[in-house]
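Novice: Below is a structure I'd like to ask you about.
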Amino acid sequence: MENSQDVREFLMSRRSRITPAQAGLPAYGGTRRVAGLKREEVAMLTGVSTEYYARLERGNLRGVSESVLESLAAALQLDEAERAHLLDLARAAAPSREPGKRRVRAEVRPSIERILSGMTGTPAYVRTTRMDIVAANSLCFALYGGILSPETLPLNLARFMFLDPRSRDFFLEWNTVADDLAAALRTEAGRSPHDRALNNLIGDLATGSTEFSTRWARHNVRFHRSARKTLHNPLIGDIELTGDSLEIPGEGLTLIAYTAEPGSHAEEQLDFLTSWSAAGKRPAEPAAATAATMPPESDSQDRP
């Protein structure tokens, strides 16, 4: 599968966002036809000819040396994730007898399952690079009440985010989470352009969601390492947690763990949810107990 269109659109989008002033170039009189840098300006900053850079922007990264790619990343002021994406695009463009494939496990090793089960006070799940949740602990099932359960596994986060209207009620900062998810998928697509299941997922999302296709066209990429999220749970209400990503090397799996700030209202909410989950109660039962157990809304530690 050719990635020339992705290369072309990525380079053009990064070039268009940088002004000559931001690049340290002198201002010239007259009206510029482009808001960002011109091709010849990027070529000059990269240290290559205009013709050579034009070839790159047409989508041809075959045979480009790493030193040129590094210079180009500096000229376009790429951040860490964007620089890695450019290198991934160049690797994918290189001719090879057999397209490289990242290993994506559909099953989770029993030892990883035991780690999840042992995280009794921390909601956690394991997902693939395609955003399929393939395992979760009981507290995570409780946190994702009505959405995630042993019966719904595997559940694709991207499909839930962009194709399931419940996602807007669950993720209170929906736009931010949607931006991050689309950027994470774009990053993975750069690493694994020959992944048929990933390409099918992206095609389904682009066809079924304008919100996704708009974000996909921006060519934003991002490393998903840590993020604060406010989630809505039917039992405890809105809760603000920090989600951290812990990659499991060599298996194409990532463990996501949610934690609360020590001494916060969210920690009290999580403690209550942990007790409720351990007791094995059903969501319909504890409404009265929640009102008696949770701090009043006027409490100074309420969620901001």
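The values are calculated or read from the model by the stated rules, or taken from the named source; none is laboratory data. This one's a predicted model, so the numbers in the text were calculated from it and none came from an experiment. Virtual Cβ from ideal backbone geometry, glycine too; neighbours counted across all protein chains shown.
Novice: In the range 18-34, which residues are modelled with pLDDT under 75 and either within 20 Å of Asp79 (Cβ to Cβ) or among the hydroxyl-bearing types (Ser, Thr, Tyr) (or both)?
Specialist: Listed by number, the residues that qualify are Tyr28, Thr31.
Novice: Out of Leu253, Leu270, Leu235, Leu241, I need the residue that is modelled with pLDDT of 90 or more and over 18 Å from Ala136 (Cα atoms). Which one?
Specialist: Values: Leu253 fails: over 18 Å from Ala136 (Cα atoms); Leu270 fails: over 18 Å from Ala136 (Cα atoms); Leu241 fails: over 18 Å from Ala136 (Cα atoms).
Answer to the check: Leu235.
Novice: Still on this structure: Ser264 is checked against (1) closer than 24 Å to Arg222 by Cβ; (2) out of contact with any strand residue (DSSP E or B) (no Cβ under 7 Å at 6 or more places or on another chain); (3) among the hydroxyl-bearing types (Ser, Thr, Tyr) and fails just one. What number does that condition carry?
Specialist: Looking at each condition in turn, Ser264 falls short on (1).
Novice: So is His265 buried (at least 16 other Cβ atoms within 10 Å of the Cβ) and not acidic (Asp, Glu) or not?
Specialist: On the way: buried (at least 16 other Cβ atoms within 10 Å of the Cβ): yes; not acidic (Asp, Glu): yes.
Against the criterion (buried (at least 16 other Cβ atoms within 10 Å of the Cβ) and not acidic (Asp, Glu)), His265 qualifies.
Okay, residues lined up against (1) buried (at least 19 other Cβ atoms within 10 Å of the Cβ); (2) of a type in the set (S, T, N, Q); (3) within 17 Å of the chain's Cα centre (by Cα); (4) under 21 Å from Ile133 (Cβ atoms):
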position: Ala178; (1), (2), (3), (4): yes, no, yes, yes
position: Arg186; (1), (2), (3), (4): yes, no, yes, yes
position: Ser213; (1), (2), (3), (4): no, yes, yes, no
position: Phe223; (1), (2), (3), (4): no, no, yes, yes
position: Lys229; (1), (2), (3), (4): no, no, yes, yes
position: His232; (1), (2), (3), (4): no, no, no, yes
position: Ile236; (1), (2), (3), (4): yes, no, no, yes
position: Ile239; (1), (2), (3), (4): yes, no, no, yes
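Novice: If Glu80 satisfies all but one of (1) surrounded by 15 or more Cβ atoms within 10 Å (Cβ to Cβ); (2) under 19 Å from Leu185 (Cα atoms), what's the number of the condition it fails?
Specialist: Here Glu80 clears every test but (1).
Novice: Given the residues Arg55, Arg91, Arg62, which is the only one that is free of Cβ contacts under 8 Å to residues at least 12 places away in the same chain, more than 20 Å from Leu25 (Cβ to Cβ) and touching a helix residue (DSSP H, G or I) at 6+ places or on another chain (Cβ under 9 Å)? Can you show your working first?
Specialist: On the way: Arg55 fails: touching a helix residue (DSSP H, G or I) at 6+ places or on another chain (Cβ under 9 Å); Arg62 fails: free of Cβ contacts under 8 Å to residues at least 12 places away in the same chain.
So the residue among Arg55, Arg91, Arg62 that is free of Cβ contacts under 8 Å to residues at least 12 places away in the same chain, more than 20 Å from Leu25 (Cβ to Cβ) and touching a helix residue (DSSP H, G or I) at 6+ places or on another chain (Cβ under 9 Å) is Arg91.
Novice: Is there any pair linking a residue in the range 199-217 that is on the phi < 0 side of the Ramachandran plot to one that is surrounded by 13 or more Cβ atoms within 10 Å (Cβ to Cβ) and of a type in the set (Lys, Arg), with Cβ under 7 Å and at least six apart or on different chains, and which?
Specialist: Leu201/Arg130; Trp216/Arg186
Novice: Something else about it: Quick one: would you say Phe162 is touching a residue at least 40 places away in the same chain (Cβ under 8 Å), over 25 Å from Glu80 (Cβ atoms), under 15 Å from the mean Cα position of the chain (by Cα) and in the same structural domain as Met131 (by TED's automatic domain parsing)?
Specialist: Numbers: touching a residue at least 40 places away in the same chain (Cβ under 8 Å): yes; over 25 Å from Glu80 (Cβ atoms): yes; under 15 Å from the mean Cα position of the chain (by Cα): yes; in the same structural domain as Met131 (by TED's automatic domain parsing): yes.
Yes: the conditions hold for Phe162.
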